[in-house]
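The values are calculated or read from the model by the stated rules, or taken from the named source; none is laboratory data. If you're wondering where the values come from, they're calculated on a predicted model, not measured in any experiment. Every residue, glycine as well, gets a Cβ built from its backbone with ideal geometry; the counts of neighbours run over all protein chains shown. Ligands, DNA and RNA are stripped out before the accessible areas are found, and what is left, the full protein with its side chains, is counted by its heavy atoms. Shrake-Rupley method; radii C 1.70, N 1.55, O 1.52, S 1.80 Å.
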Amino acid sequence: MSNVHLIDHPLVQHKLTLMRKREASTNSFRRLLNEVASLMAYEVTRDMPMQEVEIETPMEKMTAKVIDGKKLVFVSILRAGTGILDGMLSVVPGARVGHIGLYRDPKTLTAVEYYFKMPQDMQERDIVVVDPMLATGNSAIAAVERLKELRPKSIKFVCILTCPEGVAALQKAHPDVPIYTAAIDRQLNDHGYILPGLGDAGDRIFGTK
Ligand code: URA
């Protein structure tokens, strides 16, 4: 699978396994997702733009590199994307944040937009779209399509878990968008859930079931 970055770091894999467990509490699921997201942020931001600034060490002046964090926008797909956002922001606190509200029509499984709020000057920014689950790919495809209308510099997609169907769908629609994930599970079921997966990410983050 080209353009797919599988983040198989032992810390990420260990925490993902704990999250998958049926008995993981809402509290520990949320905390683990946060930790996984911040660990994944290292890989996602590997090629982030940097700028040089003048600083003074206790010894002398020097020119040093800092991340140009203001150019980066994390776009959270509501509502489950919120679970990844804090972890990403803990590593890149200067990043801007956009939100896109999409719900899955339970009958057609297609994405319906109900909210869209982005920072200004999107054509100058690199976008990282976050959603814990890339399942049918419908929400991800719709979100990326909508964001491309704003002509950003680049778009990446980050999830915790996906499946071959989700990867294929997103890659077919948007081959230019790299996918970062901690696992590619076996398959999608008839209801659009990933198997073995971890259940409904939104419900597990917010304790709504
Ligand atoms: N969304 C989820 O929360 N879980 C899945 O398995 C698929 C989509």
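Values for this structure:
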{"item": "Whichever lysines have a C-alpha closer than 25 Å to that of Lys153, once near sequence neighbours (fewer than 8 apart) are set aside", "result": "Lys65, Lys70, Lys71, Lys117, Lys172"}
{"item": "Label-to-label distance, nm, for residues given as Asp190 and Glu165 (7 Å Cα→Cβ offset)", "result": "1.1 nm"}
{"item": "Relative packing of 23-33, 177-187, which averages over residues the other C-beta atoms within 10 Å, highest first", "result": "177-187, 23-33"}
{"item": "The chain - charge dipole about Cα centre, Lys and Arg +1 at Cβ, Asp and Glu -1, debye rounded to 20", "result": "500 debye"}
{"item": "Carbon + sulfur, % of accessible area of the stretch 4-206 - ligands and nucleic acids excluded, 1.4 Å", "result": "52 percent"}
{"item": "Average accessible area per residue (Å²) across the stretch 67-125 - probe 1.4 Å, nucleic acids and ligands excluded", "result": "51 Å²"}
{"item": "Kirkwood Rh and Cα Rg combined as Rg/Rh, the stretch 58-125", "result": "1.20"}
{"item": "Among Val66, Leu188, Val129 - extreme Cα towards positive end, dipole of the chain, charges at beta-carbon", "result": "Leu188"}
{"item": "Equivalent ellipsoid, the stretch 4-206 (semi-axes from 5 times Cα gyration tensor eigenvalues, Å)", "result": "30, 21, 14"}
{"item": "Label-reachable residues, the stretch 81-110, where backbone N falls under 18 Å from a point 7 Å from Ile55's Cα toward its Cβ", "result": "91-95"}
{"item": "Label-point separation in nm, Leu6 to Lys172, each point 7 Å along Cα→Cβ", "result": "2.2 nm"}
{"item": "Sparsely packed trypsin sites (Lys or Arg not before Pro) within the stretch 72-119, loop by DSSP, other Cβ within 10 Å at most 14", "result": "Lys107"}
{"item": "Those GluC sites (Glu not before Pro) in the stretch 136-209 that DSSP places in a loop and that have at most 13 other beta carbons within 10 Å", "result": "Glu149"}
